[in-house]
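> This is the structure I have questions about; it appears just below.
The values are calculated or read from the model by the stated rules, or taken from the named source; none is laboratory data. Computed from a prediction, not measured in an experiment: that's the story for all the values here. Cβ placement follows ideal geometry from the backbone for every residue including glycine, while neighbour counts extend to all protein chains displayed.
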Amino acid sequence: MKTRLFLLSVLTICCITSVWGQPNHDKIGDPMFHTKFDAIPILRDPRLRMSEDQLSKIDTIQKKAIIDIEKKQLELQQERLNIKEELFLDSPDLTKIKSIVDKKASIASELEYLTIKRDLDIKAIMSKEQFSIFQEITRPSRGPKEGYGTGPKGHRPGPKGP
């Protein structure tokens, strides 16, 4: 009985320490919690034949972009809160709301620009062949020839005609 209790306690301690010893993957933009950053795992697809140098450059671009994008997202969230705060007042000032909306739109456009810049920086690292393969991999399938629906090619389930 004592040995069973001892083994059970040792097993419990091992399970708890193994769970606590895992890295924290919730903080995506915080580089302290990541040794190898991999925000676009599709780039590690063997069909692309990316070199380690290319992958390390992309990781660097991604780290910087994620930090910048997260800052802009926080600014955007703050402006949304400012609008809500202004709307909760007894008499909201429309000119102030208009200026907040304009600032929010400006931040949203900067956010989109940062995303496009990141994508173009990554595209510049890839060769033309790698980029064309990347487009084939990431292109969504559409239509009956490319697997639309659940049945055989060309079959779409639905109501029968009149």
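> Note down all Cβ pairs under 8 Å where the first residue falls in the range 74-85 and is closer than 13 Å to residue 106 by Cα, the second is of a type in the set (Gly, Ala, Ser), and they're at least six residues apart or on different chains.
Cβ pairs passing all conditions: 76/108.
> Based on what the data block shows, is residue 3 part of a helix (DSSP H, G or I) and either at pLDDT below 90 or touching a Pro at 6+ places or on another chain (Cβ under 9 Å) (or both)? Steps first, answer last, please.
Working: part of a helix (DSSP H, G or I): yes; either at pLDDT below 90 or touching a Pro at 6+ places or on another chain (Cβ under 9 Å) (or both): yes.
Against the criterion (part of a helix (DSSP H, G or I) and either at pLDDT below 90 or touching a Pro at 6+ places or on another chain (Cβ under 9 Å) (or both)), residue 3 qualifies.
> Can residue 95 be described as of a type in the set (S, T, N, Q) and closer than 23 Å to residue 41 by Cβ?
Values: of a type in the set (S, T, N, Q): yes; closer than 23 Å to residue 41 by Cβ: no.
So residue 95 fails the test.
> Quick one: in the range 43-56, of everything that is in a helix (DSSP H, G or I) and surrounded by fewer than 17 Cβ atoms within 10 Å (Cβ to Cβ), which residue is modelled with the lowest pLDDT? Walk me through how you get there before you give the answer.
Narrowing the range 43-56 to residues in a helix (DSSP H, G or I): 43-44, 46-48, 52-56.
Subset that is surrounded by fewer than 17 Cβ atoms within 10 Å (Cβ to Cβ): 44, 46-47, 52-53, 56.
Details: 44: 79, 46: 84, 47: 86, 52: 89, 53: 92, 56: 90.
Checking each candidate, the answer is 44.
> Right, something else. Tally the residues that are in a helix (DSSP H, G or I) and either closer than 27 Å to residue 68 by Cβ or in contact (Cβ under 8 Å) with a residue 12 or more places away in the chain (or both), restricting the search to the range 113-144. If you could, list the steps in order and put the result at the bottom.
Within the range 113-144, the first condition is being in a helix (DSSP H, G or I), and the residues that meet it are 113-125, 128-138, 144.
Filter again for either closer than 27 Å to residue 68 by Cβ or in contact (Cβ under 8 Å) with a residue 12 or more places away in the chain (or both), leaving 113-125, 130-131, 133-135, 137-138, 144.
Result for the range 113-144: 21.
> In the range 105-112, is there at least one residue being over 30 Å from residue 56 (Cα atoms), assigned to a helix (DSSP H, G or I), of a type in the set (A, V, I, L, M) and under 27 Å from the mean Cα position of the chain (by Cα)?
Step one: of the range 105-112, the residues over 30 Å from residue 56 (Cα atoms) are 105-106.
Keeping just the survivors that are assigned to a helix (DSSP H, G or I) gives 105-106.
Filter once more, so that each one left must be of a type in the set (A, V, I, L, M): 105.
Next, only the ones that are under 27 Å from the mean Cα position of the chain (by Cα) stay: 105.
The answer is yes, given that some residue of the range 105-112 is over 30 Å from residue 56 (Cα atoms), assigned to a helix (DSSP H, G or I), of a type in the set (A, V, I, L, M) and under 27 Å from the mean Cα position of the chain (by Cα).
> What are the pairs with Cβ atoms under 9 angstrom where one residue, in the range 38-51, is closer than 17 Å to residue 136 by Cβ and the other, located anywhere, is at pLDDT 75 or above and basic (Lys, Arg)? Sequence gap at least six, or different chains.
50/44
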